[in-house]
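Below is one structure; the comments refer to it alone.
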């Protein structure tokens with residue numbers, strides 16, 4: 001179990017890196033948005049490519065940041081049972097949700113998103129807009145983002161099992177009884 005916990009820590013590191021990239025995408029999107037607005041309304045100059053890069057960055061924010069959000073237990077939780085459950089029952093609820101919903105869903109989505117990326121990459125697909133961008137980079141975000149969440153889900157499963165066995169305590173950021 002100690003080796004599994006080390007693997008979970010390694011996965012956390014990967015999620016942290018991609019979470020940082022998602023944060024950088026937020027800043028980049030804000031700066032590009034301000035520059036595009038200034039150029040369009042101040043100079044009368046515009047470009048579809050700059051608009052598309054903002055959409056791509058939005059996709060990167062969501063898909064690359066989701067695993068880190070899961071790691072920090074800041075994802076949306078709609079679970080009435082969780083509110084009245086004891087800490088041990090919460091671990092079991094988390095484990096059930098991770099094993100039977102999150103993991104299969106993310107693996108399926110990553111698997112389904114891979115072929116459209118490959119096709120786009122092989123065809124060198126470009127946006128239909130004048131001055132548009134290549135499409136494969138943004139299509140790559142889909143399988144990568146889902147795979148990252150699946151990977152982080154594995155780390156969370158390891159941690160919940162370790163906590164249930166009394167081998168590890170979850171950080172305070174995991175247990176949020178008031179939510």
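The values are calculated or read from the model by the stated rules, or taken from the named source; none is laboratory data. Just so we're clear, the structure is a prediction, and the values are computed from it rather than from any experiment. Here the Cβ positions follow ideal geometry from the backbone for every residue, glycine too, while neighbour counts run over all protein chains shown.
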Requested in this report: For region 10-24, state whether one or more residues are surrounded by 13 or more Cβ atoms within 10 Å (Cβ to Cβ), part of a helix (DSSP H, G or I) and modelled with pLDDT under 95.
Outcome: no
Query raised in the report: For residues in region 126-152 being surrounded by fewer than 18 Cβ atoms within 10 Å (Cβ to Cβ), in contact with a helix residue (DSSP H, G or I) (Cβ under 8 Å, 6 or more places away or on another chain) and part of a loop (DSSP other than H, G, I, E, B), which is modelled with the highest pLDDT?
Result: 127
**Report entry** Conditions (1) in contact (Cβ under 8 Å) with a residue 40 or more places away in the chain; (2) within 30 Å of residue 167 (Cα to Cα): number failed by residue 81
**Finding:** (1)
Report task. Can you confirm whether region 25-40 contains a residue that is over 30 Å from residue 134 (Cα atoms), over 15 Å from the mean Cα position of the chain (by Cα) and either outside any helix (DSSP H, G or I) or modelled with pLDDT of 90 or more (or both)? Result -> no
Report task. Give just the number: which of (1) closer than 23 Å to residue 167 by Cβ; (2) touching a helix residue (DSSP H, G or I) at 6+ places or on another chain (Cβ under 9 Å); (3) not in a loop (DSSP other than H, G, I, E, B) does residue 6 not satisfy? Result -> (2)
Report summary line: So the helices (runs of 4 or more DSSP H) completely within region 47-121 holding 1 or more residues that are at pLDDT below 95, in contact with a helix residue (DSSP H, G or I) (Cβ under 6 Å, 6 or more places away or on another chain) and under 27 Å from residue 33 (Cβ atoms) are 48-71
Requested in this report: Would you please name the residue that is nearest to residue 138 (Cα to Cα), looking only at residues in region 32-44 that are surrounded by 11 or more Cβ atoms within 10 Å (Cβ to Cβ) and without any contact (Cβ under 8 Å) to a residue 12 or more places away in the chain?
Outcome: 37
Query raised in the report: Hey, among 164, 170, which residue is more than 18 Å from residue 64 (Cα to Cα), at pLDDT below 95 and surrounded by 15 or more Cβ atoms within 10 Å (Cβ to Cβ)?
Result: 170
Query raised in the report: Does residue 161 meet the test of being part of a helix (DSSP H, G or I) and more than 28 Å from residue 23 (Cβ to Cβ)?
Result: yes
